[in-house]
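Peer 1: Quick one: structure below, then a few questions.
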Amino acid sequence: MKIAVIGIGAVGSIIARELKQTGHDITLFGRTERQGFTILEHGEKTNYPYIIENIHAYDHHPFDIIFISTKATALKGLSKVTAGLCHSGTEIVLCQNGMGYDGWFEGSLPAVVYISGQKHEDMVEHFQDSRLIVDDQNYNYLDPLIEDIKTTELEIIKTDDFEKLRYEKLLINLGINTLTGLSQNTAKIFDKENVTELTAELLEEGIRIVNQDKEIIDSDFKNTALNIYKNYNREMGTSMYYDVTAQKSTEFEFIQKYLHNHKGNVNTPVLDICVVLLEAYEYERNKR
């Protein structure tokens, strides 16, 4: 089986490291060619000397499975590049935060991603989790791979409750990404009671948006999300926190803006303010 991993960052490096143990033909891709990557885990750095190919210079055989683990902001452009990496049955596993990008890829399989880490200049710091969740369907290539990776630390789990779990992850991102991004602080901000209270209101609004046509998310999921935040490493940031502190584009369009665009007649005063502030950040960043 020929497998590609596109984007060797906080998520992709963990996926790549584990897939390399399966014995399959694994090709790693980035924006430029480079040699290897380093992962900091449990206080130790380990270098993995795998070649990372330039995705814009690859013209060899197509792949059976492609894992795309770039930021969601890169997906639209990548959809044109990946067309040349596919055959008619290629399965593309999308490993991003947020929603609203599935239709850009033929054969796309969105995954709920639980891999927490931070990309530093010369390494990736892996905090916790190595798990992807996908819809419970029959897959030509992913099904045998799921069996093959059972000896690794990577989990790919099939569930018949995928819609619910995907919305739950969107809401988890809504709460923690918004507050860490706007405050430019890590998970330690959830030690402040007023931050937790504001986040609870934001989560309630998100749940009402998701449930406006039918009940998908349990009303008590707000407390589940808040407990998840409280159990995070206090120094751990989020993708939006790291993007804002580095003055980079965020995945706002696929998280906060996505929910805001689908709010219908739901009253969302907290989300409205957060969207205005994040839009202002993106506007100012794009002027540079």
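Quick note: the coordinates plus some simple rules give every number you see, no bench work behind them. All values reported here derive from a predicted model rather than from experimental measurement. We place every Cβ from the backbone using ideal geometry, glycine too, and count neighbours over all the protein chains shown.
Peer 1: As an exercise, take the mean of 1/r over every pair of distinct alpha carbons in the chain, invert it, and state the Kirkwood radius in angstroms.
Peer 2: It is 19.7 Å.
Peer 1: Can you list the residues, at least 5 places off or on another chain, whose amide H is less than 5 Å from the amide H of Ala4, using H built in the peptide plane?
Peer 2: The answer is Thr27, Ile65, Ile66, Phe67.
Peer 1: Here's another thing I want to ask about it. Using only the Cα atoms of region 2-160, what are the Rg and Dmax in Å?
Peer 2: Rg, Dmax (Cα atoms, Å): 14.6, 43.
Peer 1: Taking Cα atoms of region 155-196, Rg/Rh with Kirkwood Rh, to two decimals?
Peer 2: Ratio of gyration radius to Kirkwood radius: 1.15.
Peer 1: Here's another thing I want to ask about it. Please compute the length gained on full extension between Asn233 and Ile51, using 0.36 nm multiplied by the number of residues separating them and subtracting their Cα-Cα distance.
Peer 2: That pair, Asn233 and Ile51, stretches by 62.4 nm at full extension.
Peer 1: Still on this structure, I have one more. Would you mind listing how long region 1-42 runs along its three principal axes, going by Cα atoms, in whole Å with the largest first?
Peer 2: The principal-axis extents, from largest down, are 30, 26, 16 Å.
Peer 1: Here's something else I'd like to know. Find, to one decimal place in angstroms, the Kirkwood hydrodynamic radius of region 117-249, where the mean of 1/r is taken over every pair of different Cα atoms and then inverted.
Peer 2: It works out to 16.6 Å.
Peer 1: On to the next question. Over the Cα atoms of region 196-288, compute the convex hull volume and normalise it per residue, giving Å³.
Peer 2: Dividing the Cα hull volume of region 196-288 by its residues yields 102 Å³.
Peer 1: Starting from 0.36 nm per residue, how many nanometres of slack lie between Ala200 and Lys248 once their C-alpha separation is accounted for?
Peer 2: Going from the current span to full extension adds 14.6 nm.
Peer 1: What GluC sites (Glu not before Pro) does region 69-138 have in DSSP loop regions with at most 13 other beta carbons within 10 Å?
Peer 2: Numbers: sites: Glu91, Glu106, Glu121, Glu125; in loops: Glu106, Glu121.
Loop-located and lightly packed - Glu106, Glu121.
Peer 1: Let's test this: bin the Cα-Cα distances of region 245-288 at 5 Å from zero up to the farthest pair and state each bin's percent.
Peer 2: Histogramming region 245-288 at 5 Å steps yields 5, 22, 30, 22, 13, 6, 3, 0 percent.
Peer 1: Now for a separate question. Between His120 and Lys150, with labels modelled 7 Å along Cα→Cβ, what's the label distance in nm to one decimal, could you check?
Peer 2: The answer from the label model is 3.7 nm.
Peer 1: So, one more: How large is ³J(HN,Hα), in whole Hz, for each residue of region 140-148 in order, when computed from phi with the Karplus curve 6.51 cos²θ - 1.76 cosθ + 1.60 and θ = phi - 60°, using x for Gly and Pro?
Peer 2: Karplus values, whole Hz, x for Gly and Pro: 5, 10, 5, 4, x, 5, 4, 5, 5.
Peer 1: Can you tell me how much longer the chain between Asp213 and Arg285 gets when fully stretched, taken as 0.36 nm per residue apart minus their C-alpha distance, in nm with one decimal?
Peer 2: Value of the extension gain: 22.3 nm.
Peer 1: Which of Asp25, Asp59, Asp272 moves most in a GNM of the chain, Cα contacts under 10 Å?
Peer 2: In this elastic network of the chain, the residue with the biggest mean-square fluctuation among Asp25, Asp59, Asp272 is Asp59.
Peer 1: For the chain, what does the relative contact order come out to in percent, with C-alpha contacts under 8 Å and a separation of six or more?
Peer 2: That works out to 15 percent.
Peer 1: Between Val276 and Glu33, what is the FRET efficiency for a Förster distance of 35 Å, r being their Cβ-Cβ separation, to the nearest 0.05?
Peer 2: 0.25
Peer 1: If you wrap a convex hull around the alpha carbons of region 23-108, what volume per residue comes out, as a whole number of Å³?
Peer 2: Values: hull volume 10.6 nm³, N = 86.
Cα-based convex hull of region 23-108, divided per residue, equals 123 Å³.
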